[in-house]
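The values are calculated or read from the model by the stated rules, or taken from the named source; none is laboratory data. Predicted model only: the values in this text are computed from it and were never measured. Positions of Cβ are backbone-derived with ideal geometry, glycine not excepted, and every protein chain shown enters the neighbour counts.
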Amino acid sequence: MVIAMGRIRFEQSTDFDPRAIRLAFPIIPSMSAIVLSFDVEEHHRIEAAAHLFVSDDAKRVYADRMERTTDAILEQLASASGTKATFYVVGEIARTHPRLVRRIAAEGHEVASHSDLHHRIDRFDAAGFREDLHRSFDSLKQAAGVDVVGFRAPTFSLRKETAWAAAVLKEAGLGYDSSIFPVRHDRYGVPTAPRTPFWLETEAGRLLEWPPLTWRSLGTNVPVAGGGYFRLFPLAFMKAGLAQMQKANSPSMLYFHPWEFDPDQPKLSLGKVSSFRTYVGIGKSTTRLGELLRHYAGRFARAIDVAKEIVAKELPTFRLNG
Ligand SMILES: [Zn+2]
């Protein structure tokens, strides 16, 4: 299946197998679809550990655990009526763990990019960012056998300060991006950005931007899409956000990390606040994901498939540096 959209072509992992095509285009109203997305990175790559020394031995342990936990997530999805998800994978992992990336694609999930080395955008200039991006595309394509259509920046680091990167993403030919979190946070966020999918105006043309789920409550955007919020808040918060999106006729983007499903991993020696944010509720993640899979059964879809339909709708526009 190929849909041409200007220069952008969506073609991924449907491979002319009629069964796969049916799975990729579920019979659900796409505007109420929910995307389960997983940012596949080893635990020591998290932003909170950016200035921490992590030994090579510890890195190997986290890499092994990342692989096993991602396999377990794939099994949990498969046993939930073959639910399909989107995996934003660090490019380097496609070189160190090609079997894992091949498996994600072979099971009908979307393989998208989470950069090559999991560096925040503000660590690059435009040329360096472009190079990192393309290296991730090449590595992921080599492992998964499909073109990358979607991207998520590490730590949602597409912000007003890194507005220049939006044009780089557009020029790279991406079909959509999911890097702008419309919330106020010390490390990331663009609180004035729309909460529903929008056209991000860049110097190189407009790019479809799909923000992670927020819940509008008491005049603020509460981040309820996943990560620490998924583990800290009652699931009712995420459900409230999902209900608002459905009412607004908009699909929802959730996000998780494999390491959040591994309560027995060795803990990183983070400061008090970071440690709380990182490990709170970690023992509950698998059960909670199971509850989501049951509660919203039939509404899950891959971002790539929903994005194809979103672009046909009337969408708000937004500029990062406007
Ligand atoms: Zn990440």
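Here is a check on your reading of the model: is R99 within 16 Å of the ligand (Cβ to nearest atom) and without any contact (Cβ under 8 Å) to a residue 24 or more places away in the chain?
no
Looking only at residues that are touching a residue at least 24 places away in the same chain (Cβ under 8 Å) and in a helix (DSSP H, G or I) in the range 107-128, which one is nearest to the chain's Cα centre (by Cα)?
So, considering only residues that are touching a residue at least 24 places away in the same chain (Cβ under 8 Å) and in a helix (DSSP H, G or I), the one nearest to the chain's Cα centre (by Cα) is I121.
List pairs: first residue in the range 178-200 and outside any loop (DSSP other than H, G, I, E, B), second residue among the charged types (D, E, K, R) anywhere in the structure, Cβ distance under 6 angstrom, at least six positions apart or on different chains.
F198/E209; W199/R206; L200/E209
Any chance the range 26-34 includes a residue that's modelled with pLDDT under 50 and surrounded by 14 or more Cβ atoms within 10 Å (Cβ to Cβ)?
Yes - at least one qualifying residue is present in the range 26-34.
Among the residues of the range 79-95, write down those that are among the β-branched types (V, I, T) and under 17 Å from G145 (Cβ atoms).
Result: T86, V89, I93.
Taking the range 64-89 as the region of interest, how many residues are among the aliphatic types (A, V, I, L, M) and surrounded by fewer than 16 Cβ atoms within 10 Å (Cβ to Cβ)?
Residues that pass the stated criteria total 2.
Hey, does the range 206-228 have a residue that's in contact with a helix residue (DSSP H, G or I) (Cβ under 6 Å, 6 or more places away or on another chain), within 16 Å of the ligand (Cβ to nearest atom) and in contact (Cβ under 8 Å) with a residue 40 or more places away in the chain?
yes
For the range 50-67, does any single residue satisfy the condition of being closer than 27 Å to A307 by Cβ, out of contact with any strand residue (DSSP E or B) (no Cβ under 6 Å at 6 or more places or on another chain), more than 16 Å from the ligand (Cβ to nearest atom) and outside any loop (DSSP other than H, G, I, E, B)?
Checked the range 50-67: no residue is closer than 27 Å to A307 by Cβ, out of contact with any strand residue (DSSP E or B) (no Cβ under 6 Å at 6 or more places or on another chain), more than 16 Å from the ligand (Cβ to nearest atom) and outside any loop (DSSP other than H, G, I, E, B).
Of the numbered conditions (1) within 18 Å of F261 (Cβ to Cβ); (2) in contact (Cβ under 8 Å) with a residue 12 or more places away in the chain; (3) away from the ligand (no atom under 16 Å from the Cβ); (4) in a helix (DSSP H, G or I), A143 satisfies every one except a single condition; which is it?
Single failed check for A143: (1).
Can you tell me which residues in the range 258-289 are of a type outside the set (S, T, N, Q), under 25 Å from T70 (Cα atoms) and out of contact with any helix residue (DSSP H, G or I) (no Cβ under 7 Å at 6 or more places or on another chain)?
Result: D264, F276, Y279, G283.
For the range 76-119, enumerate the residues that are charged (D, E, K, R) and at positive phi.
none
I need the full set of residues from the range 68-91 which are aliphatic (A, V, I, L, M) and within 16 Å of the ligand (Cβ to nearest atom), in order please.
Scanning the range 68-91 gives I73, A85, V89, V90.
What is the residue count in the range 136-194 for residues that are surrounded by fewer than 19 Cβ atoms within 10 Å (Cβ to Cβ), among the basic types (K, R) and under 20 Å from R45 (Cα atoms)?
Count: 1.
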